[in-house]
1. From the set of residues in segment 345-366 that are part of a helix (DSSP H, G or I) and touching a strand residue (DSSP E or B) at 6+ places or on another chain (Cβ under 7 Å), which is modelled with the highest pLDDT?
2. Report yes if residue 43 is modelled with pLDDT of 85 or more, in contact with a Leu (Cβ under 7 Å, 6 or more places away or on another chain), of a type in the set (Ser, Thr, Tyr) and outside the structural domain of residue 283 (by TED's automatic domain parsing), otherwise no.
3. Within segment 271-287, restricting attention to residues that are over 14 Å from residue 224 (Cα atoms) and among the hydrophobic types (A, V, I, L, M, F, W, C), which residue is surrounded by the most Cβ atoms within 10 Å (Cβ to Cβ)?
4. If I go through segment 605-641 residue by residue, how many of them are aliphatic (A, V, I, L, M), over 37 Å from the mean Cα position of the chain (by Cα) and surrounded by fewer than 24 Cβ atoms within 10 Å (Cβ to Cβ)?
5. Within the bounds of segment 87-96, is there any residue that is over 42 Å from the mean Cα position of the chain (by Cα), β-branched (Val, Ile, Thr), in the same structural domain as residue 40 (by TED's automatic domain parsing) and in a loop (DSSP other than H, G, I, E, B)?
6. Just to be sure, is residue 721 at pLDDT 95 or above, out of contact with any Phe, Trp or Tyr (no Cβ under 7 Å at 6 or more places or on another chain) and not in a loop (DSSP other than H, G, I, E, B)?
7. State whether the residues of segment 113-133 include one that is modelled with pLDDT under 90, of a type in the set (Asp, Glu) and more than 45 Å from the chain's Cα centre (by Cα).
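The values are calculated or read from the model by the stated rules, or taken from the named source; none is laboratory data. The model shown is predicted, which means the values in this text are computed figures rather than measured ones. Ideal geometry is used to build each Cβ from the backbone, glycine not excepted, and the neighbour counts take in all protein chains shown.
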Amino acid sequence: MPYRSESDSRRLLRRLRDTLAEAGAGQERLDRITHIIADSMATQVCSIYLFRDPDTLELCATEGLNADAVHKTRLKLGEGLVGRVARSTRPINTANAPAERGFRFMPETGEEVFTSFLGVPIQRLGERLGVLVVQAKDARQYSDDEIYGLEVVAMVIAEMTELGIFVGESTSFAATHKNPILLRGVTAQEGEAEGHVWLHEPRVVITNLVNDDSKAELKRLEDAVEQLKVSIDQLLARAGSRDKEHQEILQTYRMFAHSRGWMKRMEEDIRLGLSAEAAVEKEQSAARARLETVPDAYLRDRLHDLDDLSNRLLRILTGQGSETGSEMPDRPILVARNIGPGELLEYGRRLRGVVLEEGAVGSHATIVARALAIPLVINVPRITTEALTGDHILVDGTEGQVHLRPDDTVTAAFRDKMAMQAKAQERYAVLRDKPAQARCGTRIRLKMNAGLMADLPSLPTSGAEAVGLFRTELQFLAREKMPKRAELVANYARVLDAAGGKPVHFRTLDIGSDKVMPYMKRPDEPNPAMGWRALRVGLDKQGVLRMQLQALIRAAQGRPLSVMFPLVATGSEFTRARDILMREVEREDRQGHKLPASLKVGAMLETPSLAYAPQAFFREVDFISIGGNDLKQFFFAADRENELVRRRYDTLNVSFLTFLQVVVDRCHESETALSFCGEDAGRPTDALALAAIGFPALSMRPASIGPVKSLIRRANLNEVSELIARVQARGLESARPALLDYIGTLVD
């Protein structure tokens, strides 16, 4: 059997390397591999099973089993011992295979005479590629050294598959990173984009898998790890004590870098014949595989840390740093595991879209992507390991789909869809200077949401009448330290200048929950979305709120100013916040600063409780803006970050519309200005219903204004209101089907 010594293992790996360097089709190469492994290990059978599709394994080559079974024998993931190895990504080693749980006898292979079985996964960075199997007639248990040695061989086969060594006529030979693939994620920002992948942290490509000198490779690894330790210590020194969370991550990195167990496993891989890079990646793949099976969130985070640390080490060994020297491709679409707001802002409007392996609907990256008006799809599995810089990619932000290396048919259909949308935008452009006035004569004010200076050029071209929401937190989130008041004054003044006299409603700092400033200590909360956030932080930490209010007052420079406070839950919270603002106005007046020509103070209604505040609140507040995203979350008790529940609940649910009608009626009674702000306001069908139940203003992303205006101008809001009333009277759950039927009758 194999690996009687380290030299046996190195000899086998070199034989594999040399034979794969020879010319030949995919099948020839696989056949040679199984022959070499069986010969080197002195075993009767060696077989390679590769995935034909995500759920099906196919026997692609064998030495010792019936050759006629190749490309005919298939197993489902989890079926038989081979399927169990593939599903668990762990070896199965048994001296009596037929007695094992889940054993499946495959008579066409002629394997009934072989009793012992050892199967190891062929995997790369968490991606399951297949299973490598050896079998023998004698009943025997393979040693730990033999298992370990076969895992090393499987790692080399995985890398060869990655590099397309086995490309051939069978679909099982498809090279990783060459086939078209459809990946599904979660829509975080709607829109479509075609372009080329730009990896935020380019994946390291390894080409030298087998070493010729183990001592030299061990020295290379030792030197690289020492360099890694120094770099982590330097990062820790720079982090200081200002960023506890960042420091904790670096301390974990430091612990792993000094881990003797991690180093020992890599050294053993090298002694068995792998190069230093291949040894690092073998252990990285093992960590990725464990990630899928670990239920504990803390342990998963630690394995993520080890994964990231391995990438750092690979960059040192290969010289493939984050800056690879490659130029950003034409029409770049950013692909990353995750990304912070500052890094995304640095890319700016050069990007056509963003695809993230992780992320959240309300994350910093989502906020910035919305501000940049580029499609964003998050929670896309395997995207960072599947994609290479320069790959052709189609991002369907509306459907939450990513087409990587699409074929011509998919590309043509996608381009047709984009062309139709472009034509629609041309039609909407004609409406730019026309009011959103329904056929019944009711006029709806359409406003735009913004958060960056880069948004403001869209104000005149979108047809928006005002900025209904300007998110002020992005300037805080994208920095490593608190901005100075003078910087805030200059920024807010530029916003008002760019608005050209149109109203801008500044929302004060909305932080907490998933929006945490890097320099702010994050409290440990079991449910951050319902915890210490938004105005609650401002009222408790009044220094930051007061500084921001001072900056807004000075930035107005005698112009009208509108300020609204986020997540107001009770009337008394608004009163406290408004009193702080008025005290700052008095203070600025005493200091001789020019005051705003007029001051309007509003509240964002994002909790059901505020809808039932005393009428005195509705008389005191100048305007109310419904924050639809949070309000719907709290109304339905459905976390908008949780894909299991967030899509279950509809804005056009009759219960929700009935609740919104309460707010409309109370604002009408007190003559309080009212608007609806959020994603739902930008969806034409939803916007039509909101207008029909009495919302006089809607605020949305600039690209949505044209479609919403077009539909409102074709509709009669009295008819829509009567339709919703009939749906309510009939006891139906949602008004959406009836509304869609109504829209189908409208004439363009």
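1. Taking the candidates together, the pick is 350.
2. The answer is no for residue 43.
3. Taking the candidates together, the pick is 274.
4. Here the count works out to 2.
5. We begin by selecting, within segment 87-96, every residue over 42 Å from the mean Cα position of the chain (by Cα); these are 95-96.
Add one more test, that the residue is β-branched (Val, Ile, Thr), and what stays is none.
For segment 87-96, residues over 42 Å from the mean Cα position of the chain (by Cα), β-branched (Val, Ile, Thr), in the same structural domain as residue 40 (by TED's automatic domain parsing) and in a loop (DSSP other than H, G, I, E, B): absent.
6. yes
7. No, there is no match, as no residue in segment 113-133 is modelled with pLDDT under 90, of a type in the set (Asp, Glu) and more than 45 Å from the chain's Cα centre (by Cα).
To keep it simple, each residue is scored yes or no on (1) in a strand (DSSP E or B); (2) outside the structural domain of residue 47 (by TED's automatic domain parsing); (3) of a type in the set (Phe, Trp, Tyr); (4) surrounded by fewer than 18 Cβ atoms within 10 Å (Cβ to Cβ).
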site: 81; (1), (2), (3), (4): no, no, no, no
site: 85; (1), (2), (3), (4): no, no, no, no
site: 98; (1), (2), (3), (4): no, no, no, yes
site: 101; (1), (2), (3), (4): no, no, no, yes
site: 118; (1), (2), (3), (4): yes, no, no, no
site: 123; (1), (2), (3), (4): yes, no, no, no
site: 131; (1), (2), (3), (4): yes, no, no, no
site: 135; (1), (2), (3), (4): yes, no, no, no
site: 140; (1), (2), (3), (4): no, no, no, yes
